[in-house]
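The values are calculated or read from the model by the stated rules, or taken from the named source; none is laboratory data. What you are looking at is a predicted structure, and each value in this text was computed from that prediction instead of being measured. We place every Cβ from the backbone using ideal geometry, glycine too, and count neighbours over all the protein chains shown. All accessible areas refer to the heavy atoms of the entire protein, side chains included, with ligands and DNA or RNA removed. Shrake-Rupley method; radii C 1.70, N 1.55, O 1.52, S 1.80 Å.
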Amino acid sequence: MSSLSPSSQLNKALLQRYLALPQGNLCQVTYVWIDGTGEGLRCKTRTLESEPAGVEDIPEWNFDGSSTYQSKGSNSDMYLIPVCMFRDPFTRDPNKLVLCEVLKYDREPAEHNTRFSCNKVMEETKEFRPWFGMEQEYALLGIDGHPYSWPQGGFPRPQGPYYCSVGADRAYGRDVVESHYKACMYAGVKIYGTNAEVMPSQWEFQVGTCEGIEVGDHLWMARFLLHRVCEDFGVVATLDPKPMAGDWNGTGCHTNFSTKAMREEGGLKHIEEAIERLEKRHAHHIRRYDPHGGEDNKRRLTGRHETSSIERFSAGRADRGASVRVPLQVHQDGRGYLEDRRPASNCDPYVVVEAIARTCLLGRRATETAGWGGDGAGGG
């Protein structure tokens, strides 16, 4: 069985002939949304009479929620509410991609519309000027589920030579990574950088620095672009937190967080106070940091392979085996940010940053009065 998808082997030069055709003043807009699994992305495209100047110019749309795990067939219409617009790197200008929230038939947030709740919290905490950066790790697979470029029926050399590597015998899939990077830049995604990770065929890109809700919008669109780029190359990007069992690194989504006070002179004190709050709510954050209430992270947060134990909270200076790391430079400067290393690679970024903002900025009392003490996946 070929490890590449059949569609990737179609004539791409022929595709470009059609993509190059003029389209007059018309504009294609691709609507992107998160489905009822809380992990999958869906999209569909429509024509507008002219190029939208901003997201407010893009009309609401609808879709069949019974086919995306978001409604029953007897009442299946769901609303797509545009919230963030990007340029389309696949069909190019003037065409757009638009990230959408999903509302139910009664115009209440759908069960997995976690952006709605997150946005409320970001509005409540905006005076703190919360900044976030998220480090999205992922692994490349063939469509047969075997890691891309790994020997069929076997394993590559042990970990060691692959992190930030160069060379055909250790850096697998760089074409995908470079294409994704350029697609993000063209689209307007705030991509910060990229690097090869510790396991072969494992990579990372970073989104940020973003303020408030923006980090979730940009990370979800970066994920969408990654999956679309992988379509062209015939491979699969998996966000499974432990894609290969055994002596191989898992994949996370380390989240960097700071406030205006943390970034200013004497900010280290505020960072240490935030860490104390995070420690008190460790179990709660673990339940929020992957879509399955911590079950996925159990395979990853073992205390090995640069992870902390899922059972115990820890914090340390420059310690990649801690739950929360404070970079050495932050200690030296006395100000900066903290890195929460617990979120899984398949986390919902809206849920992660909402949890951090509630714990560190609103405090326990505000959390309880807001009625958000539960551990379910919904954010409404």
Starting from residues that are at pLDDT below 95 and not small (Gly, Ala, Ser), keep the ones in region 318-330 and report whichever is surrounded by the fewest Cβ atoms within 10 Å (Cβ to Cβ).
Arg320
Residues of region 72-90 being in a strand (DSSP E or B) and of a type in the set (Lys, Arg), in sequence order, are Arg87
If you scan region 97-138, which residues turn out to be basic (Lys, Arg) and surrounded by fewer than 19 Cβ atoms within 10 Å (Cβ to Cβ)?
Lys104, Arg107, Lys120, Lys126, Arg129
Those residues that are open to solvent by 40 Å² or more (accessible area, probe 1.4 Å) and in a loop (DSSP other than H, G, I, E, B), I need them from region 331-340; list them, please.
Arg335, Tyr337
For a quick check of your reading of the model, give me the residue pairs whose first member lies in region 17-31 and is assigned to a loop (DSSP other than H, G, I, E, B), whose second is of a type in the set (Val, Ile, Thr) and open to solvent by 70 Å² or more (accessible area, probe 1.4 Å), with beta-carbon atoms closer than 8 Å and at least 6 apart or on different chains.
Leu26/Thr47
Are any residues in region 16-67 touching a Lys or Arg at 6+ places or on another chain (Cβ under 8 Å), farther than 19 Å from Arg87 by Cβ and of a type in the set (D, E, K, R), and if so, which ones?
Asp35
Failed item in (1) under 15 Å from Thr255 (Cβ atoms); (2) open to solvent by 70 Å² or more (accessible area, probe 1.4 Å), with His292 passing the rest:
(1)
Looking at region 229-323, what helices (runs of 4 or more DSSP H) fall wholly within it and have at least 3 residues that are on the phi < 0 side of the Ramachandran plot and in contact with a strand residue (DSSP E or B) (Cβ under 7 Å, 6 or more places away or on another chain)?
267-280
Taking region 41-58 as the region of interest, how many residues are without any contact (Cβ under 8 Å) to a residue 12 or more places away in the chain and assigned to a loop (DSSP other than H, G, I, E, B)?
1
Residue set Thr47, Thr37, Thr30; condition surrounded by 11 or more Cβ atoms within 10 Å (Cβ to Cβ) and either under 26 Å from Lys182 (Cα atoms) or touching a strand residue (DSSP E or B) at 6+ places or on another chain (Cβ under 6 Å) (or both); output residue Thr30
Within region 126-134, is even one residue charged (D, E, K, R) and part of a strand (DSSP E or B)?
no
Right, Gly234: small (Gly, Ala, Ser) and either more than 18 Å from Pro147 (Cβ to Cβ) or open to solvent by 50 Å² or more (accessible area, probe 1.4 Å) (or both) or not?
no
Looking only at region 148-193, and only at residues there that are in contact (Cβ under 8 Å) with a residue 60 or more places away in the chain and in contact with a Pro (Cβ under 7 Å, 6 or more places away or on another chain), the one that is most open to solvent (accessible area, probe 1.4 Å)
Tyr186
Within region 68-84, identify whether any single residue is touching a residue at least 60 places away in the same chain (Cβ under 8 Å) and closer than 21 Å to Ala187 by Cβ, and answer yes or no.
yes
